[in-house]
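Colleague: The structure follows.
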Amino acid sequence: MIRALVFDCFGVVLTDALQELRAELALRDVMAAEEVRDIVAANNRGLIAPHESNQRLASIFGMPTEVFRAKIAAGEVRNEQLLQYIGGLRKHYKTAMLSNIAGSSLARRFPDEELSLYFDEVLASADIGYMKPDKEAYEIAAERLGVELNECIFIDDREAFCAAAKAAGMQAILYTDFAQFTKDLEALLSM
């Protein structure tokens, strides 16, 4: 029986502006795009501070740090329809956000206490010491929600992270848009 839903942030709850910039960069400079990936991974694991990560990324993209941060912020659009839906789901299921990010970076994107309106638990990879696709990240999410892995559905826009969730014992939905997600969720919940 499904008792919990675990949502990714970027590409699901928020559009992923950095991923879009990185994809554009990869068309011009594959090595620079790989360096961006490595810096983001180090930040997501808590190995470098967000301000250092932002400085290094801005340099790669050839812009001042504040311009880079503003560009990212402007490109991150909330999926309000999904957030409202999650609020409704929370009446019947435990909910969590599991994101590859530093907790302080997540706090900049959502006002104080806003995430608690939608999620019982918010897990930032840099804070828990593991990031998707590490099996431990999914295990910690289930543990914090007080459920077993097989009682969770994980929702992410990246196939590799969904596959890792399945390998850990969760069910998973690859998020492409709201209509597809609700259809897939209803199908899983009716089983």
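Throughout, read-outs are computed from the coordinates displayed, never taken from laboratory work. All values derive from a computational prediction rather than experimental measurement. Every residue, glycine as well, gets a Cβ built from its backbone with ideal geometry; the counts of neighbours run over all protein chains shown.
Colleague: Output wanted: per-residue J couplings in Hz (rounded whole) for the stretch 144-155, from phi through Karplus 6.51 cos²θ - 1.76 cosθ + 1.60, θ = phi - 60°, x for Gly and Pro.
Modeller: Per-residue couplings from phi come out as 5, 7, x, 10, 7, 4, 6, 9, 10, 10, 9, 10 Hz.
Colleague: Now, a different point. Roughly how big is the chain's charge dipole about its Cα centre, with Cβ charges of +1 (Lys, Arg) and -1 (Asp, Glu), in debye to the nearest 20? Intermediate results must be reported in sequence, preceding the final value.
Modeller: Values: 20 positive and 30 negative charges, 18 e Å.
Value, rounded to 20: 80 debye.
Colleague: Just for the chain, what percent of DSSP beta bridges are antiparallel, to the closest 5?
Modeller: Details: 1 of 18 bridges.
Counting only bridges with both partners in the chain, antiparallel ones make up about 5 percent.
Colleague: Could you rank the peptides 135-142, 55-62 by their average count of other C-beta atoms within 10 Å per residue, with the highest value first?
Modeller: Final packing ranking: 135-142, 55-62.
Colleague: Ok, one more. What distance in nm separates the two pseudo spin-label positions at Ser59 and Ser104, each 7 Å out from Cα along the beta-carbon direction?
Modeller: Output for this residue pair reads 1.8 nm.
Colleague: Each residue of the stretch 69-83 in turn: what ³J(HN,Hα) in whole Hz from Karplus with 6.51, -1.76, 1.60 and θ = phi - 60°, glycine and Pro shown as x?
Modeller: My calculation for the stretch 69-83 gives 4, 5, 5, 5, 4, 5, x, 9, 9, 6, 8, 4, 4, 5, 4 Hz in order.
Colleague: To continue, here is another question. Per 0.36 nm of contour for each residue apart, how much would the distance between Ala23 and Ala49 grow if the chain were fully extended, relative to their Cα-Cα spacing? Mind showing how you got there, number by number?
Modeller: Working: separation 26, 0.36 × 26 = 9.36 nm, distance 2.32 nm.
Separation in residues times 0.36 nm, less the Cα-Cα distance, equals 7.0 nm.
Colleague: Report the gain in length on full extension from Phe178 to Asp112: 0.36 nm times residue separation, minus Cα-Cα distance, nm rounded to one decimal.
Modeller: My answer for the length gained is 21.2 nm.
Colleague: Another question about this same structure. Would you work out the relative contact order for the stretch 17-75, in percent, from Cα pairs under 8 angstrom that are 6 or more residues apart?
Modeller: 29
Colleague: Mind giving me the FRET efficiency for Ala187 and Glu159? R0 is 25 Å, r the Cβ-Cβ distance, nearest 0.05 is fine.
Modeller: Details: r = 18 Å, r/R0 = 0.73.
Approximately 0.85, to the nearest 0.05.
Colleague: Ok, one more. Roughly how far apart, in whole Å, are the Cα centres of the stretch 134-191 and the stretch 89-133?
Modeller: A separation of 15 Å, based on Cα centres.
Colleague: Counting only C-alpha contacts under 8 Å and six or more residues apart, can you give the relative contact order of the chain as a whole percent?
Modeller: For the chain, the relative contact order is 27 percent.
Colleague: Follow-up. Net charge around Arg109, counting only other residues with Cβ within less than 15 Å of its Cβ (Lys, Arg = +1; Asp, Glu = -1)? Could you put the intermediate results ahead of the total?
Modeller: Details: positive: Arg69, Lys71, Arg78, Arg108; negative: Asp8, Asp16, Glu76, Glu80, Asp112, Glu113, Glu114, Asp127.
That sum, taken over residues with Cβ under 15 Å, equals -4.
Colleague: From Cα coordinates alone, what are the radius of gyration and Dmax values for the stretch 89-191 in angstrom?
Modeller: In Å, with Rg to one decimal and Dmax whole: 13.3, 38.
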